[in-house]
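Worksheet: the structure to be examined is printed underneath.
The values are calculated or read from the model by the stated rules, or taken from the named source; none is laboratory data. A quick note: this is a predicted structure, and the numbers were derived from the prediction, not measured. When we count neighbours, we look across all protein chains shown, and the Cβ atoms used for this are built from the backbone with ideal geometry, even at glycine. We work out accessible area using only protein heavy atoms, side chains counted, and drop any ligands, DNA or RNA first. Shrake-Rupley method; radii C 1.70, N 1.55, O 1.52, S 1.80 Å.
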Amino acid sequence: QVQLVESGGGLVQPGGSLRLSCAASGRIFSMYAMGWYRQAPGKQRELVAVITNGGSANYADSVKGRLTISRDYAKDTVYLQLNSLKPEDTAIYYCCAKIGLYDYWGQGTQVTVSS
């Protein structure tokens, strides 16, 4: 089992920035990939970024150049830096641990981009 706790969401104006954090516990953090997903109202959950246990990152086309995923092995934490935010980035952002065939999810953190 893995426990994930997200934080860092909030209300931000268009063009602003936020950094989301996801603290993991329960398994050896360095052994699994981590992802950030988001779900906007009325839409399906979508993958926005993933980082392997080795630190390689991939992004959805819609967020390339604006979002950066990173991980701190000493703190068992994965981050998502969101820059140049747009209203369409408004969603609940979920952290996900990918261990074998299973995905473990956090509770989500709300990001609202509005003036």
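Summary of values
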quantity: Heavy-atom accessible area per residue - the chain, 1.4 Å, Å²; calculated: 52 Å²
quantity: Normalised contact order of the chain, rounded percent, pairs of Cα under 8 Å and 6 or more residues apart; calculated: 37 percent
quantity: Efficiency of FRET between residue 46 and residue 3 - r from beta-carbon atoms, R0 25 angstrom, step 0.05; calculated: 0.60
quantity: Among 16, 55, 26: highest mean-square fluctuation, GNM of the chain, C-alpha pairs under 10 Å; calculated: 26
quantity: Surface share of carbon and sulfur [accessible, 1.4 angstrom probe, percent] for the chain; calculated: 49 percent
quantity: Most to least accessible of 89, 103, 61 (protein chains only, probe 1.4 Å); calculated: 61, 103, 89
quantity: Candidate aspartates and glutamates - alpha carbon under 17 Å from residue 98, same-chain residues fewer than 8 apart omitted; calculated: 6, 46, 72, 76
quantity: Exposure of residue 27 as accessible area (Å², to 10), given a probe of 1.4 Å and all protein chains; calculated: 110 Å²
